[in-house]
Every structure is written in structure tokens, then in C-alpha cells.
Amino acid sequence: MFEFTDKFDVIEGEGLVLRIIEKNSGDDKMIPFYYYDVFRKSDMQAVGKISVRIGNNFHSYYNGHIGYEIFEEFRGAGLACKACREVLSVARFHGMEFVYFTCDESNVGSQKTIERLGAEFVECAEVPREYFAWYEGMERQLIYKLKLQ
């Protein structure tokens with residue numbers, strides 16, 4: 001059974017504060033994850049959400065280990081990159097040696113964020129129907145791997 005920690009319920013970093021919304025144990029397809037609201041530290045304005053998924057399985061390759069959403073009016077300021085850097089500490093704490101990042105082939109903003117983090121491109125993949133989030137017309141996924149030191 002996966003054990004969550006309270007150590008990362010609030011993460012304060014470079015201009016951001018992440019506050020836990022949910023800790024989910026997952027199921028036969030979803031691996032356990034921490035889910036956060038992301039706030040701008042200067043005024044505690046909510047700017048987005050981020051999750052970090054712990055472990056590996058077939059689905060995590062296509063889903064990635066870190067998923068983020070920066071609200072539209074706050075995009076372009078590097079907030080996704082900063083938030084991703086902060087949740088890497090959670091992955092390291094749980095002994096992960098690497099994380100996958102994925103995004104739609106057309107999502108140039110996420111591609112730039114992922115590359116800025118230093119992740120290496122693995123492939124552009126057609127997503128198999130066996131993937132739990134597959135849907136008709138789904139874009140190919142760019143898959144990147146970031147080694148954690």
C-alpha cells in the first residue's frame with residue numbers, strides 16, 4: 001500500500017506556493033498522486049493546478065508523472081516551469097529516479113516548458129487504445145524523460 005507524506009502539503013518555492021487539494025491512492029490504472037492548487041506568492045492569487053504521480057505503469061508512460069494547468073491569463077510567465085520544479089522534490093522523496101512528461105503534439109507552450117526543465121525527448125507516440133484516457137481523435141503525445149539526481 002502506498003504511503004503519502006504530509007511533508008509536502010504546502011510547498012513554498014520561487015514566487016509560488018503549492019497547497020495540497022487531494023492525495024489519491026489510485027487504482028489499477030492510475031498511480032498514486034498528489035494534487036495541488038498553485039498560488040502566486042506575492043498576492044496569493046490562484047494561478048493554476050499541478051499534480052505529481054508516483055510510480056510507474058503502462059499508463060504513466062502516456063499520462064506522464066506531472067500534469068499541470070496554468071490559467072490562461074497567467075500563461076507565458078514561466079509559472080508552469082517553476083511549479084514543476086517544486087513538485088520534483090515529491091517524486092525524489094518517494095525514490096523516483098525519473099519522471100515522464102507528456103503533452104499533445106500541438107501544445108507548443110508545454111513543449112517549451114518541458115524542454116526548459118531539461119527533460120529529454122523520447123518519442124512522438126500514437127496513444128494505444130489500452131491507455132485509460134484514450135479517446136477517438138486523440139493527438140499524438142510527445143513523451144519526454146527527466147532523470148532525477
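For the chain, the longest stretch holding no chymotrypsin sites (Phe, Trp or Tyr not before Pro) located in a DSSP loop with at most 15 other Cβ atoms within 10 Å is which? Present the calculation step by step, with values, prior to reporting the outcome.
Numbers: sites that count: PHE2, PHE71, PHE132, TRP134, TYR135.
Maximal segment without exposed cleavage sites: 3-70.
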Task: ALA125-MET138 pseudo-label distance in nm [points 7 Å out on the Cα-to-Cβ vector] - done: 1.0
Task: Qualifying GluC sites (Glu not before Pro) in region 1-72, DSSP loop, other Cβ atoms within 10 Å at most 16 - done: GLU3, GLU14
- [ ] Could you tell me which trypsin sites (Lys or Arg not before Pro) in region 72-127 are loop residues by DSSP with no more than 15 other beta carbons within 10 angstrom of their beta carbon?
- [x] ARG75
Task: Under-5 Å amide H pairs with PHE98, H placed in peptide plane, nonlocal only - done: LEU148
Task: Potential extension, ASP43-GLN149 segment - 0.36 nm per residue separation minus Cα distance - done: 34.9 nm
- [ ] Tell me what the chain gives for mean residue ellipticity at 222 nm when only DSSP H runs of n ≥ 4 count, each as -39,500 (n - 2.57), the sum divided by the residue total, rounded to 500 deg cm²/dmol.
- [x] -6000 deg cm²/dmol
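Only the coordinates and a few stated rules stand behind these numbers; no lab work does. This structure is a prediction, so every number in the text was calculated from the model and none was measured. Ideal geometry is used to build each Cβ from the backbone, glycine not excepted, and the neighbour counts take in all protein chains shown.
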